[in-house]
Amino acid sequence: MGEFLSDIKAIRRRAREHIDQGPITEGYKAEREKVIAVLNEVLATELVCVLRYKRHYFMSKGLYAESVAAEFLEHAAEEQMHADQIAQRIVQLGGEPDLSPNGLASRSHSEYVEGQSMVDMIKEDLVAERIAIDSYRELIDYFGDQDPTTRRLMEQILAKEEEHAEDLVSLLQARSG
Ligand SMILES: [Fe+2]
Ligand SMILES: [Fe+2]
């Protein structure tokens, strides 16, 4: 046994207590209830993004509509994957994912804006990504070393949102250039 561990006997003893809590051990440092609440906000954010991208996908028309619509659809699928990963993590932490449509928009960080033209839609999606990027970055700081698993999950999602924002800004440049 490595000397870096505090007390392996104590760890072994503690592991046998509260086994119903699964992966949540006594060493879990974050405030579980708070983490679950904040992850439910992330879940709402992702779901609102799914709905907004889907709306934009179905409403795409005009020049370049096909390639832009394909991008919207791909983003919608990736936001859905993020929502599923977050819901899974909430359950792992002993919480319940809030999938209620009631209050979904107000739990979400990003907004649901339909937009009229294709350019409007792309801009609204870009704004939503930028909101997610900033709020997720703050959450990552908050999780820090208190909950490394949630932090890593949020880091992966953040990287994907940055990719989305880059895709959208390229589309805007392609259309104006
Ligand atoms: Fe996402
Ligand atoms: Fe995104």
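The values are calculated or read from the model by the stated rules, or taken from the named source; none is laboratory data. Because the structure is predicted, anything quoted here is derived from the model rather than measured. Here Cβ is always computed from backbone atoms with ideal geometry, including for glycine, and neighbour counts include all displayed protein chains. What goes into the accessible areas is simple: the full protein's heavy atoms, side chains included, and nothing from ligands, DNA or RNA. Shrake-Rupley method; radii C 1.70, N 1.55, O 1.52, S 1.80 Å.
Residues that are more than 16 Å from ligand 1 (Cβ to nearest atom) and of a type outside the set (S, T, N, Q) do not occur anywhere in segment 153-165.
Screening segment 132-147 for residues that are open to solvent by less than 60 Å² (accessible area, probe 1.4 Å) and without any contact (Cβ under 8 Å) to a residue 24 or more places away in the chain and picking the one that is farthest from ligand 1 (Cβ to nearest atom) gives Gly144. Is one or more of the residues making up segment 159-166 closer than 18 Å to Val38 by Cβ and at pLDDT 95 or above? Yes, segment 159-166 has at least one match.
Just to be sure I understand, how many residues within segment 18-36 are in a helix (DSSP H, G or I) and surrounded by fewer than 12 Cβ atoms within 10 Å (Cβ to Cβ)? Working first, answer last.
We begin by selecting, within segment 18-36, every residue in a helix (DSSP H, G or I); these are 19-21, 32-36.
Adding the requirement that they be surrounded by fewer than 12 Cβ atoms within 10 Å (Cβ to Cβ) leaves 19-20, 33-34.
So the answer is 4.
Among the residues of segment 111-130, is there at least one that is under 26 Å from Tyr64 (Cβ atoms), under 15 Å from the mean Cα position of the chain (by Cα), hydrophobic (A, V, I, L, M, F, W, C) and within 16 Å of ligand 1 (Cβ to nearest atom)? Yes: segment 111-130 contains one or more residues that are under 26 Å from Tyr64 (Cβ atoms), under 15 Å from the mean Cα position of the chain (by Cα), hydrophobic (A, V, I, L, M, F, W, C) and within 16 Å of ligand 1 (Cβ to nearest atom). Taking every residue in segment 77-88 that is without any contact (Cβ under 8 Å) to a residue 60 or more places away in the chain and near ligand 2 (Cβ under 10 Å from one of its atoms) and pairing it with any residue that is in a helix (DSSP H, G or I) and charged (D, E, K, R), at least 6 positions away or on another chain, the pairs with Cβ-Cβ distances below 7 Å are Glu79/Glu46. Applying the set (1) touching a Phe, Trp or Tyr at 6+ places or on another chain (Cβ under 9 Å); (2) closer than 28 Å to Ile122 by Cβ; (3) open to solvent by less than 20 Å² (accessible area, probe 1.4 Å) to Ala77 leaves exactly one unmet item: (3).
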